[in-house]
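Q: Shown below is the structure under consideration.
The values are calculated or read from the model by the stated rules, or taken from the named source; none is laboratory data. All values derive from a computational prediction rather than experimental measurement. Backbone-built Cβ (ideal geometry, glycine too); neighbour counts: all protein chains shown. In case anyone asks, the SASA skips ligands and DNA or RNA and just uses the protein heavy atoms, side chains included. Shrake-Rupley method; radii C 1.70, N 1.55, O 1.52, S 1.80 Å.
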Amino acid sequence: MTVFRNILIRLLTTAVTLFGVAVIVFVVIRVVPGNPIAMMLPPGATDADIARLQAQYGFDKSIFQQFMIWLSGVMQGDFGTSISTRQPVAGLVLSRLPATLELSIVALTIAMLLGGALALAGTRFRETKAEAAVDITSGMALSIPDFLWGLVLILLFGVLWPVFHISGRISPALNIDFSTNFYLFESILRLRFDVIADLVGHMFMPALALAIPLAAIIAQLLKQSLKETMHLDYVTLARTKGYGENHVITREALPNAVLPTLTLVGVQFTFLIGGTVIIERLFSYEGLGNMAIDAVINRDLPLIQGIVILFAFLFTIVNLVVDMLYVLLNPKLRHA
Amino acid sequence: MNSFLEVRNLNLSLKAGMPILRSVSLNVAAGQVHGLVGESGAGKSMIGKAVLGTLPRALQVTSGEIWLDGVNLNSLPTAERRKTIGAKAALIPQDPLTALNPSKRIGPQITRRLVDILGWQKSDAEARAVELLHEVHIPDPARVMKSYPHELSGGMRQRILIASAFAAEPKLIIADEPTTALDVTVQKQILRLIAEMQQRHDTALLFVTHDLGVVSKTCDTLSVLYAGKVIEEARMRRFFTRPIHPYSAALLKATPTYTNPRGSLTPVPQSVIDATEREVREHDMRASR
Ligand SMILES: Nc1ncnc2c1ncn2[C@@H]1O[C@H](COP(=O)(O)OP(=O)(O)O)[C@@H](O)[C@H]1O
Ligand SMILES: [Mg+2]
């Protein structure tokens, strides 16, 4: 009953959020200067040509009217037509989504592994030089934004010691005919190790650049939470039973220490997804973010709208998953 | 009488140098109940923690030995010391609300260490846990073992912690103010239960409390601690009839007991406190020479 009510509230707030985002984006991109139609036409087009195309895309109507037309299309799954490519926005955006999802998920995985390892090491060797090293490392990692990490990585692994690809998503020779755009997941399922290696070779640097700041945040939050948990009575009691430090940290403290960090890590993960826009551009990775920048340059208003709505939708999904995990991992809420 | 636990001249101080325990010596004979009494902050819990190897990092042992079942714990390498303590001694903690891991079911919190550390079969450990929960008068142990701590009352949780303490058949139980965090109504039941379990399993018990009244009912011997210094160690009967130290005598006067049922509830006189403080300072002077 309450579960059902919670889901309903959740869906409603999601709908309201997405609507709000749609309104803001719709207005903002129409208020900033730059005429999308003028950019489509060759130099020397007449005012009449421009007016005709304006009417064709509906740009001659008021913003309110345009919005209502757009909204009624969206209700039927039609997000409009991209001006620069003349293809349906929905199809374009969905074809790029898998690339960005794979990049984000790989980055999140790296961040959790790196950050978790640092937090555990810092806790295991707390109040020693090793903990100070963890603090300094994560502090440094955090003070440099992801796209600068991208440049650093390109210098290191693209120029000085060129072991990874610095641009693209896959080598053309290995572009087997995928049946989905989830290249990485699909090649893992098909056990194509040559393709996996190539994809990882492309994805490694952008994913690492995105992961480093998040790893630093996880390291700091989780270590703090772990150290507080280590003082609690049930941890002390476990010690008296004969358990060693490693067991006490990973089995007694960790499951409880993760909970308070979960929500913040979720928020940070949405920032990471936002970071893909610039990182994808930097590494010429053909995902949603890269497409977003092209769309902005071309003043491709319907495409910009579609991409922003999809990003907003992704963020609400991430928040939903985090909330569900929180309940799942917390016995006090699980049975409520 | 041979001691199961023997603390010899234990000195403990903050790393900054401030003494916390002052040449503490203490004996708990096998199968006997030894009371450790003192006002809050006297260092009672630190003695228990020193024995169990769970001292806070801010504290360090500056000198002294702890012998458990004839073994000098300081002489053992860390891992072995931990195992020895885990096998021979156990703690009944002060606050049952914080002493159980909130993310684990009760069953594994009792059985896991039997499997992990003592190498029991899982089924044996579970049977043992059910038996122990019966012993501490928990109805429907099978259901309780599947519960999470937050689903149970404080009294129930303390019973579980008592059962868990006896799980590996330790020969020494340290109970650190095991009823202070509980409702007055369940305090008596829990005290009776600890006494009952101690007798059934024939363990030594170091019973830490600030309440002399409780000691009078349960203990065979006792130590009185003041500012980290044992000012009197005595057999029960002698202590209640002829306390030697003026502080002990004053403490006794302030406590309702069998012999003094209404208790005069007079606070310990300032002159006695001053004299005892002087003793503590004299000890520190001698120690620093
Ligand atoms: N983690 C700690 N760090 C520093 N000092 C502590 C710590 N825990 C306790 N102490 C000090 O040790 C002394 C003894 O504390 P404790 O053994 O807990 O007293 P009690 O007799 O009430 O159990 C107190 O003066 C307390 O301030
Ligand atoms: Mg205490």
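Q: Which order, highest average first, do A:154-165, A:101-112 follow once you tally other Cβ atoms within 10 Å for each residue and take the mean per peptide?
A: Numbers: A:154-165: 14.2, A:101-112: 20.9.
Listed from highest to lowest mean packing, they are A:101-112, A:154-165.
Q: Sticking with this structure for a sec: Under 12 Å from the Cβ of B:S103, count the other residues' Cβ atoms, weight Lys and Arg +1, Asp and Glu -1, and hand me the total.
A: Numbers: positive: A:R251, A:K332, A:R334, B:K104, B:R105; negative: A:E252.
So the environment of B:S103 carries a net charge of +4.
Q: In whole angstrom, note down how far apart the Cα centers of the stretch A:241-309 and the stretch B:1-80 are.
A: That distance is 50 Å.
Q: If you don't mind, another one. For chain A, return all DSSP H helices satisfying: extent of Cα atoms along own axis at least 24 Å; mean Kyte-Doolittle hydropathy at least 0.0.
A: On the way: long enough: A:2-31 (43 Å, 1.95); A:89-124 (51 Å, 1.52); A:193-229 (45 Å, 1.12); A:254-282 (39 Å, 1.32); A:301-329 (42 Å, 2.31).
Result, helices passing both filters: A:2-31, A:89-124, A:193-229, A:254-282, A:301-329.
Q: To continue, here is another question. Kindly provide the helix-only [θ] at 222 nm of chain A, computed as the sum of -39,500 (n - 2.57) over DSSP H runs of four or more divided by all residues, to the nearest 500 deg cm²/dmol? Don't jump to the answer; show the numbers that get you there.
A: Numbers: 14 runs with 242 residues, N = 336.
That calculation yields -24000 deg cm²/dmol at 222 nm.
Q: Same structure again: Alpha carbons only, please: Rg and Dmax for chain B, in angstrom.
A: 19.5, 61
Q: Which value in deg cm²/dmol, rounded to the nearest 500, describes the helix-derived mean residue ellipticity at 222 nm for chain B, given -39,500 (n - 2.57) per DSSP H run of n ≥ 4 and division by the residue count? Kindly include the intermediate steps, with their values, before the conclusion.
A: Working: 11 runs with 120 residues, N = 289.
Calculated mean residue ellipticity at 222 nm is -12500 deg cm²/dmol.
Q: Let me ask something else about it. 5 Å is the cut-off here: which amide hydrogens, built 1.01 Å from N in the peptide plane, fall below it relative to B:G64, excluding neighbours closer than 5 in sequence?
A: Amide H to amide H, under 5 Å and 5 or more residues apart or across chains, B:G64 pairs with B:N11.
Q: So what is the relative contact order for the stretch A:95-334, in percent, with contacts set as C-alpha pairs under 8 Å and at least six apart?
A: Working: 275 pairs, mean separation 68.1, N = 240.
RCO, the stretch A:95-334: 28 percent.
Q: Now, a different point. Ignoring any ligand, DNA or RNA, what whole percent of the accessible area of the stretch B:3-288 comes from carbon and sulfur when the probe is 1.4 angstrom?
A: Solvent-exposed carbon and sulfur of the stretch B:3-288 make up 53 percent of the total.
Q: For B:K146, go through the lysines and keep the ones whose alpha-carbon is under 22 Å away, minus same-chain ones fewer than eight residues off.
A: Partners found: A:K241, A:K332, B:K104, B:K122.
Q: Need one value for A:230-236: mean number of C-beta atoms belonging to other chains within 10 Å of its residues' C-beta atoms. Each step should come with its number before you reach the end.
A: Working: counts 1, 2, 4, 11, 11, 4, 8.
What the average comes to for A:230-236 is 6.
Q: Can I ask one more? What is the Cα centroid distance between the stretch A:37-75 and the stretch B:213-250, reported in whole angstrom?
A: 95
Q: Still on this structure: With the solvent-accessible surface defined on protein heavy atoms using a 1.4 Å probe, which residues belonging to the stretch B:25-67 display a reduction of at least 40 Å² in accessible area in the multichain context relative to the isolated chain?
A: Listed in order, they are B:T54, B:R57.
Q: Would you please classify the overall shape of the protein assembly as shown from the alpha carbon gyration tensor, given that a ≥ b ≥ c denote the square roots of the eigenvalues, rounded means a/c under 1.5, and beyond that prolate means a/b larger than b/c while oblate covers the rest? Walk me through the numbers on the way to the answer.
A: Working: a/c = 2.93, a/b = 2.63, b/c = 1.11.
Prolate is the answer for the protein assembly as shown, as a/c is 1.5 or above and a/b outweighs b/c.
Q: Highest mean first, what order results for A:172-185, B:158-171, B:239-252 on Cβ atoms within 10 Å?
A: Details: A:172-185: 13.4, B:158-171: 23.6, B:239-252: 18.4.
Per-residue Cβ counts within 10 Å, averaged per peptide and sorted highest first, yield B:158-171, B:239-252, A:172-185.
Q: Moving on to the next point. Would you grab the residues whose amide H sits under 5 Å from the one on A:H165? Only those 5+ places off in sequence or on another chain, please, with H modelled 1.01 Å from N.
A: A:H202
Q: Projecting each Cα onto the charge dipole of the stretch A:2-75 (Lys/Arg +1, Asp/Glu -1 at the beta carbon, about the Cα centre), which of A:I37, A:I7, A:Q56 comes out farthest on the positive side?
A: A:I7
Q: How crowded by other chains is B:111-118, given as the mean number of beta carbons from other chains within 10 Å of each beta carbon? Before the final figure, lay out each step's value.
A: Values: counts 0, 5, 6, 1, 0, 5, 5, 2.
Per residue, the average neighbour count from other chains is 3.
Q: Okay, moving on. Among rounded, prolate and oblate, which fits the stretch A:107-210 when a ≥ b ≥ c are the square roots of the eigenvalues of its C-alpha gyration tensor, a/c under 1.5 means rounded, and a/b larger than b/c means prolate?
A: Numbers: a/c = 3.09, a/b = 1.88, b/c = 1.64.
Cα axes put the stretch A:107-210 in the prolate bin.
Q: Continuing with this model, one more query. What is the Cα convex hull volume of chain A when expressed per residue in Å³? Before the final figure, lay out each step's value.
A: Values: hull volume 64.0 nm³, N = 336.
Dividing the Cα hull volume of chain A by its residue count gives 190 Å³.
Q: Another one. Mind checking which lysines have their Cα closer than 17 Å to the Cα of B:K229? Skip sequence neighbours fewer than 8 apart in that chain.
A: B:K44, B:K49
Q: Sticking with this one: Cα to Cα, under 25 Å, and not fewer than 8 places away if on the same chain: which lysines meet these conditions relative to A:K129?
A: List returned: A:K223, A:K227, B:K15.
Q: Same structure, new question: Per-residue counts of other Cβ atoms within 10 Å, averaged by peptide: what ranking do you get for A:41-51, B:73-83, A:303-313, highest first? It would help to have the intermediate numbers written out before the result.
A: Working: A:41-51: 10.1, B:73-83: 14.0, A:303-313: 22.2.
Ranking, from highest mean packing down: A:303-313, B:73-83, A:41-51.
Q: Per residue of A:242-251, count partner chain C-beta atoms within 10 Å of its C-beta, then hand back the mean as an integer. Write down the numbers at each step before the final one.
A: Numbers: counts 15, 7, 5, 2, 0, 4, 0, 0, 0, 4.
If you average over the peptide's residues, the count of other-chain Cβ atoms is 4.
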